[in-house]
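What follows is one structure encoded as structure tokens, with my remarks underneath.
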């Protein structure tokens, strides 16, 4: 019997006997684990022990197996805790553990674990890998705008002010700009958006290519009563990236300007675009200022009421 096999049995026995552990960097909460993990007639213990014959470390074996075969299930967490008990200082293991909670909708627990991985991380590149995901989560799932800004600033510092830094698939500066917009700091938001646009131009790209930036900068301009510039931004969007939200913003702008004919035109186009599915679509969260049919109906009633006066 191999040493790794024996150690794994000891680890499982240890976990079964554990209770009342606290969630700390050195002592993560360990959940009970059944002796035999049989799901859909698959003997997972046998598969795991087969993996133990390889040169992969014991902790990595449990972590990789749970990550590859047991996503979002309670069993993934059980095996993940074994890997962490064996090697609790590996930040990637803690990060993967957080994903099991994130994908199950337990966002508070997920962020707590992700923060543990950050507290333990010493490698700058790995720290950046963690932080970009943290910034994205703070903005869209927690709606924690100050921490979004703080995290993006940390990313920029660690990346030597890389203005093109990406946060989980989106530009970090655009996340920061949205956070400032949500805090009603419109001028600061515009400044951040403009900084990225200048960077894009220097790199040879069109500063109006990022549709999220154009949309939220347009809203900030409208909030500051800079209606003509806002109209330019939303007109660019409906021409190049047409979606219901941009048409709706144009309808609101023209309504406030007293041009009810154009307001109705763009509101009708917003309704048509949304009906065809041309709208903000995200599988995991709802974007700020997403437009729904009831909002279109409300603006229609308001237009009708004003036009009768």
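The values are calculated or read from the model by the stated rules, or taken from the named source; none is laboratory data. Keep in mind it's a predicted model, so treat the numbers as computed, not measured. In this analysis, Cβ positions are derived from the backbone assuming ideal geometry, glycine residues included, and neighbour counts consider all displayed protein chains.
Please go through the stretch 209-225 and pick out each residue that is within 23 Å of the chain's Cα centre (by Cα) and in contact (Cβ under 8 Å) with a residue 12 or more places away in the chain.
So the first thing to find is which residues in the stretch 209-225 are within 23 Å of the chain's Cα centre (by Cα), and the list is 209-220.
Passing the criteria: 210, 211, 212, 213, 214, 215, 216, 217, 218, 219, 220.
Filter the stretch 167-180 down to residues that are modelled with pLDDT of 95 or more and either more than 21 Å from residue 217 (Cβ to Cβ) or exposed (fewer than 15 other Cβ atoms within 10 Å of the Cβ) (or both), then give me how many there are.
Number of matching residues: 0.
Could you list, in sequence order, all residues of the stretch 181-198 that are surrounded by fewer than 17 Cβ atoms within 10 Å (Cβ to Cβ), assigned to a helix (DSSP H, G or I) and without any contact (Cβ under 8 Å) to a residue 40 or more places away in the chain?
187, 191, 194, 195, 198
Of the residues that make up the stretch 223-233, is at least one farther than 18 Å from residue 183 by Cα and surrounded by 21 or more Cβ atoms within 10 Å (Cβ to Cβ)?
Step one: list which residues in the stretch 223-233 are farther than 18 Å from residue 183 by Cα, which gives 226-233.
The next check asks that each one be surrounded by 21 or more Cβ atoms within 10 Å (Cβ to Cβ); those that pass are 230, 233.
Within the stretch 223-233 (the criterion being farther than 18 Å from residue 183 by Cα and surrounded by 21 or more Cβ atoms within 10 Å (Cβ to Cβ)), the answer is yes, since at least one residue qualifies.
Considering the stretch 114-143 alone, what residues qualify as being more than 20 Å from residue 178 (Cβ to Cβ) and either assigned to a loop (DSSP other than H, G, I, E, B) or touching a residue at least 60 places away in the same chain (Cβ under 8 Å) (or both)?
Selection gives 116, 119, 120, 121, 122, 123.
Every residue in the stretch 150-180 that is over 20 Å from residue 209 (Cα atoms), touching a helix residue (DSSP H, G or I) at 6+ places or on another chain (Cβ under 7 Å) and in a loop (DSSP other than H, G, I, E, B), please.
159
For residue 85, indicate whether it is modelled with pLDDT under 75, out of contact with any strand residue (DSSP E or B) (no Cβ under 7 Å at 6 or more places or on another chain) and in a helix (DSSP H, G or I).
It is true that residue 85 is modelled with pLDDT under 75, out of contact with any strand residue (DSSP E or B) (no Cβ under 7 Å at 6 or more places or on another chain) and in a helix (DSSP H, G or I).
Consider residue 270 carefully, then state whether it is modelled with pLDDT of 95 or more, within 17 Å of residue 298 (Cβ to Cβ) and in the same structural domain as residue 226 (by TED's automatic domain parsing).
Judged against the criteria, residue 270 is a match.
Just need a number here: residues in the stretch 257-281 that are out of contact with any helix residue (DSSP H, G or I) (no Cβ under 7 Å at 6 or more places or on another chain) and under 29 Å from residue 140 (Cβ atoms).
Final tally of qualifying residues: 5.
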